[in-house]
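Here is the structure we will look at, set down as C-alpha cells.
The values are calculated or read from the model by the stated rules, or taken from the named source; none is laboratory data. Treat the numbers as computed from the prediction; the structure is a model and nothing was measured. Cβ: placed from backbone, ideal geometry, glycine included. Neighbour counts: every protein chain shown. Each accessible area value is taken on the protein alone, full model and side chains, heavy atoms only, with ligands, DNA and RNA left out. Shrake-Rupley method; radii C 1.70, N 1.55, O 1.52, S 1.80 Å.
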Amino acid sequence: MSQKVRRQVYSALEVARLCNVVNQTAINWIKAGHLKAFKTPGGQYRVYPEDLADFMRGRKMQVPQEVLAITTDKKQTASKSILIVDDDKGLNSVLAKYLEKNFEGLEIFQAFDGFEAGARCSQAKPGCVILDLDLPGVDGFSLCERISKDESFGKPTIIVITALQDEGLEERALSLGAKKLFKKPLSMEAVAERVKAWLEA
C-alpha cells in the first residue's frame with residue numbers, strides 16, 4: 001500500500017539560503033517564534049512556503065520567485081498531514097513510522113500531551129488527527145470537541161484511539177466530532193486503512 005502525497009517544505013538551511021543569511025540566523029528566527037515552522041519526527045525544522053513568504057514580506061524582504069511559484073492556499077497545503085497524539089511514546093513512534101512507511105510523502109507530526117496537541121494543531125493545521133482519549137491531566141473528550149469545532153485548528157478529520165472500556169464510548173466520541181474510534185491494542189492495518197480512506201476522500 002503506498003499513497004504518494006508530495007508537499008514542498010523548506011529546511012532551516014534552505015530558509016537561510018533563500019533569505020541570504022547564515023543557518024543559525026534562520027534557526028533563531030524559528031526558535032523566537034518570528035518564523036512559523038514545525039518539527040519532523042526526527043526533530044528537524046521545516047517551513048511551509050506560505051509561512052516563509054509571509055515572514056519575508058513582513059520584513060520587507062523580496063520573496064524569491066521559486067517560493068512564490070509553489071505558494072498555495074495554507075489549508076490546502078496542510079490537508080495531507082497527520083498529527084498523532086498519544087502520551088505512550090513507544091506506540092506514538094511505532095504508529096508514526098508505520099504510516100510513514102505506508103504513505104510516502106505524508107507529513108506526520110507527533111504530540112505527547114494535550115497542550116502540545118493544541119499547539120501542533122494551531123501551528124501545522126493537520127488534515128487528520130489520531131487522538132488518544134486517555135491523556136494525563138486532560139479530558140480527551142473535551143480535547144476532541146475543541147479540535148473538531150475550533151476553526152483555528154483547520155477542522156481536521158479526527159480518529160480516536162483508546163484503551164478505555166466505558167459504555168457508550170464510541171457514540172460519545174462520534175458525537176463530539178470524531179469520525180472513527182479504534183480500541184487498543186491497535187490494529188495498525190485497520191488504522192492505516194482508515195487513513196487511506198481519508199486521503200482518498
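When you restrict to C-alpha pairs under 8 Å that are six or more residues apart and normalise by the size of the chain, the relative contact order lands at 17 percent.
Using the 1.4 Å probe convention, the accessible area of the chain works out to 51 Å² per residue with neighbouring protein chains retained.
Heavy-atom surface analysis with a 1.4 Å probe gives the chain a carbon and sulfur content of 48 percent of its accessible area. Normalised by residue count, segment 80-201 yields a Cα convex hull volume of 92 Å³ per residue.
Exposed loop positions in the chain were taken to be trypsin sites (Lys or Arg not before Pro) whose DSSP state is not H, G, I, E or B and which have at most 11 other beta-carbon atoms within 10 angstrom. Between these positions, the longest stretch is 61-201. In summary, the lysines within cross-link reach of Lys196, defined as a Cα separation below 17 angstrom excluding same-chain residues under 8 places away, comprise Lys4, Lys80, Lys97, Lys101, Lys179, Lys180. I'd like the orientation of helix 140-149 relative to the chain: the angle between its Cα long axis and the longest Cα principal axis, in ° from 0 to 90, rounded to 10. Approximately 50 degrees, to the nearest ten.
For Asp139 and Lys101, what is the calculated FRET efficiency with R₀ set at 45 Å and r taken between the beta-carbons, to the nearest 0.05?
Values: r = 33 Å, r/R0 = 0.72.
Efficiency, rounded to the nearest 0.05: 0.85.
Assign one of three labels to segment 45-133, namely rounded, prolate or oblate, based on the Cα gyration tensor with a ≥ b ≥ c the square roots of its eigenvalues; rounded applies when a/c is under 1.5, prolate when it is not and a/b is larger than b/c, and oblate otherwise. Don't skip to the answer; put the middle values down first.
Details: a/c = 2.91, a/b = 1.97, b/c = 1.48.
Prolate, since a/c reaches 1.5 and a/b exceeds b/c.
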